[in-house]
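The values are calculated or read from the model by the stated rules, or taken from the named source; none is laboratory data. Everything numeric here is computed off the predicted structure, so don't read it as measured data. Quick reminder, even Gly has a Cβ in these numbers, built from the backbone with ideal geometry, and neighbours come from all protein chains shown.
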Amino acid sequence: MENQKIYTEEKPYQSDVCKKLFTDRSVMILHQQTRSEEKPYQSNICSEPFTQNSSLILHQRTHTGEKPYQCDVCEKSFARKYHFEEHRRIHTGEKPYQCDICEKSFTRKYYLKEHRRIHTGEKPYQCDICEKSFTRKDYLKEHCRIHTGEKPYQCNVCSKSFTQNSSLKSHLRIHTGESPYQCDVCGKSFTFRSGVIVHQRKHMGEKPYQCDVCGKSFTQNITVTAHRRIHTEEKPYQCNVCSKSLIQNSGMLFHQRTHTGENPYQYDVCDKSFSDSSYQIEHPQTHTGAVA
């Protein structure tokens, strides 16, 4: 009966802003303040005004640093109750927001909203330089660094900088020697996920990248790109010492060692050094008893 009363009782309070009727005077007053942009509650620190006292209380915490909602699992604190409730789902595993298309679930309503764009194809965030569009604002922000040249993530070992934090994390494995990606066929480990994907194609015999001139196939896109230069005779890599041009950057690195005298590949039996790793592999055959 109580629910029924909500729909049937008289609405004696009328807004003088939009003439809408209300059953409760306090609700009408709040509505009028919102419609008329009246904001009677003001911060005594920064003077920002608010329509509701509850909004002012939440705002004041940005100044005071007060975080009254504390997680009893990890003791992390929050200024807002809904942020606290969202955080607790990390511990409980609760994902109340489910996609009605693929049934994937999320901890936050906002994450579900972003996810749905995969199905709808909606890309509301557009680059104003090249007009490329993205599903998420942070993806656009990362993309814009291509144009600005900004690289805010710097390696604390070699000082190399990156546009994305994920790229920096991958790069750090070069220094730590971490190889988390392992081939499930031969057990070989790789620093990067892309490395194990390319490697596994050798086991499967898969060569998805084909030259459109001669039909030769390759395991990597970068390899077929370099191969096409044989047909086009393009040689984009030029030596800054003798001006010789080459098809691949790796070839240029080997070539430049003829000028510098650098031999980074050393055979540990006779201490002889080589500019190319393939020479290091072949060299043991010159020693007596070496397996050819």
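A few comments on the model shown:
- Only one of the listed residues (His143, His199) is over 30 Å from His119 (Cβ atoms), in a helix (DSSP H, G or I), modelled with pLDDT of 90 or more and not small (Gly, Ala, Ser). That residue is His199.
- Any hit, the stretch 121-130, residues being without any contact (Cβ under 8 Å) to a residue 12 or more places away in the chain, surrounded by 14 or more Cβ atoms within 10 Å (Cβ to Cβ), under 21 Å from Ser166 (Cβ atoms) and touching a helix residue (DSSP H, G or I) at 6+ places or on another chain (Cβ under 8 Å): no
- On the stretch given as the stretch 50-74, residues that are among the basic types (Lys, Arg) and either touching a residue at least 40 places away in the same chain (Cβ under 8 Å) or in a loop (DSSP other than H, G, I, E, B) (or both) total 1.
- Restricting attention to the stretch 162-206 and to residues that are free of Cβ contacts under 8 Å to residues at least 12 places away in the same chain and of a type in the set (A, V, I, L, M), the residue that is surrounded by the fewest Cβ atoms within 10 Å (Cβ to Cβ) turns out to be Met204.
- For the stretch 84-103, a tally of residues being surrounded by 14 or more Cβ atoms within 10 Å (Cβ to Cβ) and either of a type outside the set (D, E, K, R) or in a loop (DSSP other than H, G, I, E, B) (or both) returns 5.
- Condition check for Glu142: among the acidic types (Asp, Glu), within 30 Å of Cys102 (Cα to Cα) and either surrounded by 14 or more Cβ atoms within 10 Å (Cβ to Cβ) or touching a Leu at 6+ places or on another chain (Cβ under 8 Å) (or both): yes
- Residue check for Thr223: at pLDDT 85 or above and either under 26 Å from Lys188 (Cα atoms) or in a loop (DSSP other than H, G, I, E, B) (or both): yes
- Sub-9 Å Cβ pairs linking a first residue in the stretch 234-254 that is under 21 Å from Ile222 (Cα atoms) to a second residue that is surrounded by fewer than 14 Cβ atoms within 10 Å (Cβ to Cβ) and hydrophobic (A, V, I, L, M, F, W, C), at least 6 apart or interchain, are Ile247/Ile230, ordered by first then second residue.
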